[in-house]
Every structure is written in C-alpha cells, then in structure tokens.
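Have a look at the structure below before the remarks.
The values are calculated or read from the model by the stated rules, or taken from the named source; none is laboratory data. Small disclaimer: the values here were computed from a predicted structure and weren't measured. A quick note on method: Cβ atoms are made from the backbone with ideal geometry, for glycine too, and the neighbour counts reach across all protein chains shown.
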C-alpha cells in the first residue's frame, strides 16, 4: 500500500506528447474548429457578397489607376518630339494583346476617349470609388461582426465616416504593396527590356534586392489585413488575434498571387475576345478567393481567441 501510494502520479496526457505530435494535434484542432465555425457562419455565401462589392469597388479603382497613369507617365518618360498623349497611347497599346490598328479600331478609339476625357473620368471614378469602397468595408465589418460574435454595430453616419477613414488607410497600404510589386516586376530582366524602349530604366535589380522588395510588399499587405481585423469591428479585437488572422490571410494571399503570376506568364490568348473572356473568369475567381480567405482568416483569429480564453479558464480552475 505504501509503495503504491508513493508511486508518482501519471503525467497529464498533453505533457506526454512530443512537440511534433502536439503541433499536429493543434493543427487538426484549428482545422476542425474553423471548419465547424465556417459552416455555422455560412462563409461561402458571405464570400459571394464580399466578392460582388469588391468587384464594384474595383471598377472605379482601376479607372483611377488608368487616369492617374496618363498624368504621371509623361513625366517619367523621355518623350522627345512626341506629345504626352502619344507617349501614353503607345504605352497602353503595348500592354494590350495584339489587335488591329487604325482610326476605326475599337481599342484605339477606347484609348483615345480615355485620354480625351481623363479629367472628368478622374472625378467620376473618385466619387464612385469612395461610394463603393465604403459599401465594401461596411460589408466586411458586418461579416467580421458575425465571425467574432459582435452584436452591436455603428450608426449609419458614424459607420460611414469610419468606413471613409479605413478606406483611406487600406487603399494606401494596398497601393504601396502594388507599387512595390509592380516595380519588382518591371525591374526584372524581362520587364526591363520593355522599359528600355520607353526610356524609363536600363538596369536590372539583383536577386537579394528582389526578395527584399517582396518582403516589403508582403509587409504592406499584412499591415492592411491587420488593420482591418483589429479596427474594422466596433469592438476592438485583441492584437494577438488580429495578428494571427492577418498572418493566415497574408500567406494565403501571397500564395494566390504566385499562382496567378504563373498563370499570367503562361497566358497567351489567340485573340482579344478570347483573352477578355478568360480574364473575366480569372478575375471573378480571384475576387471570390480573396473574399473567402479574408473570412477564413477571421475564423482562424476567432479560434485562436477561443483557445486562449479556454486555456486561461483551465489555468484558473487548476490553481
């Protein structure tokens, strides 16, 4: 009896696991909880709504980028005897697939209309972007409220003002990431060959500089998602939970960007119409995927928060 009483107590089950087994169990627990929560929140339906609002906001955003490029590009390119409109026309024409040229060409007329009406398009696209982007962030706030179980919402006026603020912050971070990524694409050997003909640059960046730039672009995207997860809901999400959610979404977003880049490099449309139809399908899939991983990132952050709370409760009960 004394020997059995003196025998050491068996170690708890979670203490007997190896680090690798514990890590695998944690991943399975996360996957199961995210799967269950995703079914309860109907994330596939919510992703469709976000993707629709994302496409509505993307149209004026692309127009803003296009009209902004028509103002900035002549300042960067040594035009020589050519007019600024001719330089921009030639640049846009190089980006498009092979098409017929001439005064009756639909593509040439479209580019000419863009150059002739760029001032009015800038105003209209700015107003449209502010309106649709605030609706987008309003839908993101509603989705995150469902994911993080937040019942209260901001009023209409207060919500609209906050949506404008978060639109500015998120747009600046996204533009910073896009600018760095675009520069890296153009600064590689293939992109430089195209830029030399327009007088922009003639040097190629090194591999180390390229990966440093990729890290900076990834950091901007991560900051954007962190700001959305932490500050978009009316009830502030813990920084650690927002960080976990942003890390998951940023990695998934970067993986999708790599796959999409390989697709664009291998994409060689036989006609403008085939290219346009394929591009539309690819963009719709991209928007839906972006919306889905944003919601799943929130689900991962919510599971992390629930596990943290339950861990603290077990520590309190065992003390």
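Of the candidates 35, 25, the single residue that is more than 30 Å from residue 280 (Cβ to Cβ), more than 26 Å from the chain's Cα centre (by Cα), assigned to a helix (DSSP H, G or I) and at pLDDT 65 or above is 25. What about residue 46, is it surrounded by 13 or more Cβ atoms within 10 Å (Cβ to Cβ), under 27 Å from residue 131 (Cα atoms) and at pLDDT 90 or above? Taking the combined requirement at face value, the residue satisfies it. Scanning region 223-252 for residues that are in a helix (DSSP H, G or I), within 24 Å of residue 133 (Cβ to Cβ) and in contact (Cβ under 8 Å) with a residue 60 or more places away in the chain turns up 225, 227, 228, 229, 231.
Being buried (at least 17 other Cβ atoms within 10 Å of the Cβ), within 23 Å of residue 65 (Cβ to Cβ), in contact with a helix residue (DSSP H, G or I) (Cβ under 9 Å, 6 or more places away or on another chain) and at pLDDT 75 or above: is that true of residue 224 here? When the stated conditions are applied, residue 224 passes them.
When the criteria are applied in full, residue 63 meets the requirement of being at pLDDT below 85, crowded, with 17+ Cβ neighbours inside 10 Å and either within 28 Å of the chain's Cα centre (by Cα) or more than 14 Å from residue 295 (Cα to Cα) (or both).
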